[in-house]
Amino acid sequence: MNILGVETSCDETSAAVIRNGKVCSNVVSSQLCHTDFGGVVPELASREHERLIVSIAEAAITEANITKNELDVIAATAGPGLIGAVMVGLCFAEGLAWALGKPFVPVNHVEAHIFSPFISDEPGHRAPDGDFISLTVSGGHTLLSIVHQDLSYEVIGRTIDDAAGEAFDKTGKMLGLGYPAGPVIDRLSRQGDPEFYRFPRALTSSSQTSRSYRNNFDFSFSGLKTSVLTWLGKHDAGYIEQHLPDLAASIQQAIVSVLVEKTIAAALLHKVSAVSIAGGVSANSGLRSAMQEACLKHGMELFVPKAAYSTDNAAMIATMAGLMMSRGKVTGNSYGTAPFARFIAAGKGAR
Ligand code: KG4
Ligand code: ZN
């Protein structure tokens, strides 16, 4: 069974083929046209997807050593995401499925991140085989969920303001680190002192309020932004430049410690011994090592997708479609559902 996955929800144009659950190709093109704008410009993203989608899909099919007629199923991100960007991949994929007379499976992008530990590209790949706690952290989402093998899940916490990725990107922008700043903060942090300055950890046991945040699994990162801005306003440019790695490490520590504390607390409360981290921020080396250490301490097993499957990619869309088919979660393969209606329907799932 060959499944073609298509992903265009934000600024990555991606297509992948999985065969019998294994990744055969995963082609990702990251858009560079947004660099000067400090963030993703939706209209530019849509146009870039439109320019690239056919050649990226062809490359994924060729790399998998098949022809398009050997595809059995076509899947695409149906949302959430930038509406124009999603529409390009969705219309392309549904059109291709219709032309080939093959089933089409719409996939919720956030659910595909949640189930990314199941992406397999080598023999012996291990995925959770029971319930697990998923921390899904990207530029647009920060969700903590309890996930079950039948693909159902309950979201037990989410951000009430910025996503974890935005916390990295926006504080990084204040430090002049460009966009996206997450990977740069990660790199700089390796030479910095995480104890240099203690930025706030909101809604945790150590936040400076009298309220108890025990068993509160929501996140808030907007106070961190304000705190970084205030700190920068009080120091001169030379001092800031000199301490850039220390600032990066301190910001990373503030974000990572909250993510780890809440994930472990959720696993303990719900008596779940498997944890996974997914989404772009799960590529962060500080988060990976701190979560690994905390899981070891509590006898929990950590599942982390390879870095290439943490950020947006189509292998996760094809894998999710495969999981949905194997668990009987695909209902009907009718064409002609308006792509916009699919986008609205996807928005009713995880976001
Ligand atoms: O999942 P993703 O590729 O796209 C969305 O669905 O949003 O996540 C992108 C986010 C960006 O905010 C980026 O800064 C962050 O993931 N990111 C990182 C790292 N790599 C990507 N944040 C921290 N450390 C990293 N190594
Ligand atoms: Zn994503």
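The values are calculated or read from the model by the stated rules, or taken from the named source; none is laboratory data. Please read these numbers as outputs of a predicted model, since none were measured by experiment. Every residue, glycine among them, receives a Cβ derived from its backbone with ideal geometry; neighbour counts consider all protein chains shown.
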* To do: Would you check if there is a residue in segment 175-191 being touching a Pro at 6+ places or on another chain (Cβ under 8 Å), buried (at least 18 other Cβ atoms within 10 Å of the Cβ) and of a type outside the set (Gly, Ala, Ser)?
  => yes
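For residues in segment 80-89 being outside any helix (DSSP H, G or I) and surrounded by fewer than 24 Cβ atoms within 10 Å (Cβ to Cβ), which is farthest from ligand 2 (Cβ to nearest atom)? So that I can check it myself, show each step before the final result.
Step one: list which residues in segment 80-89 are outside any helix (DSSP H, G or I), which gives 80-82.
When the remaining residues are screened for being surrounded by fewer than 24 Cβ atoms within 10 Å (Cβ to Cβ), the result is 80, 82.
Working: PRO80: 9, LEU82: 11 Å.
Checked segment 80-89; the qualifying residue farthest from ligand 2 (Cβ to nearest atom) is LEU82.
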* If you scan segment 274-308, which residues turn out to be outside any helix (DSSP H, G or I), of a type in the set (A, V, I, L, M, F, W, C) and away from ligand 2 (no atom under 16 Å from the Cβ)? -> ALA274, VAL275, MET300, LEU302, PHE303
* To do: Scan segment 252-261 for residues that are surrounded by 21 or more Cβ atoms within 10 Å (Cβ to Cβ) and more than 18 Å from the chain's Cα centre (by Cα) and jot them down.
  => GLN253, ALA254
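Taking the criterion of being assigned by TED's automatic domain parsing to the domain that holds ASN26, within 16 Å of ligand 2 (Cβ to nearest atom) and assigned to a helix (DSSP H, G or I), would at least one residue in segment 90-101 satisfy it?
There is at least one residue in segment 90-101 that is assigned by TED's automatic domain parsing to the domain that holds ASN26, within 16 Å of ligand 2 (Cβ to nearest atom) and assigned to a helix (DSSP H, G or I).
Residues are listed down the side, and each one gets a yes or a no for (1) small (Gly, Ala, Ser); (2) within 16 Å of ligand 1 (Cβ to nearest atom); (3) closer than 16 Å to ILE133 by Cα; (4) modelled with pLDDT under 95:
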residue: ASN284; (1), (2), (3), (4): no, yes, no, no
residue: LEU287; (1), (2), (3), (4): no, yes, yes, no
residue: MET300; (1), (2), (3), (4): no, no, yes, no
residue: ALA308; (1), (2), (3), (4): yes, yes, no, yes
* Asked: Is it the case that ARG198 is more than 26 Å from the chain's Cα centre (by Cα), in a loop (DSSP other than H, G, I, E, B), among the basic types (Lys, Arg) and modelled with pLDDT under 95?
  -> no
* Report, by residue number, each residue of segment 102-116 that is of a type in the set (A, V, I, L, M) and not in a strand (DSSP E or B). => VAL110, ALA112, ILE114
* 2 or more residues among the aliphatic types (A, V, I, L, M), within 16 Å of ligand 2 (Cβ to nearest atom) and assigned by TED's automatic domain parsing to the domain that holds MET320: qualifying strands (runs of 3 or more DSSP E) within segment 1-56 -> 12-19
* Looking only at segment 12-36, and only at residues there that are under 25 Å from ASP169 (Cβ atoms) and without any contact (Cβ under 8 Å) to a residue 24 or more places away in the chain, the one that is surrounded by the most Cβ atoms within 10 Å (Cβ to Cβ) -> GLN31
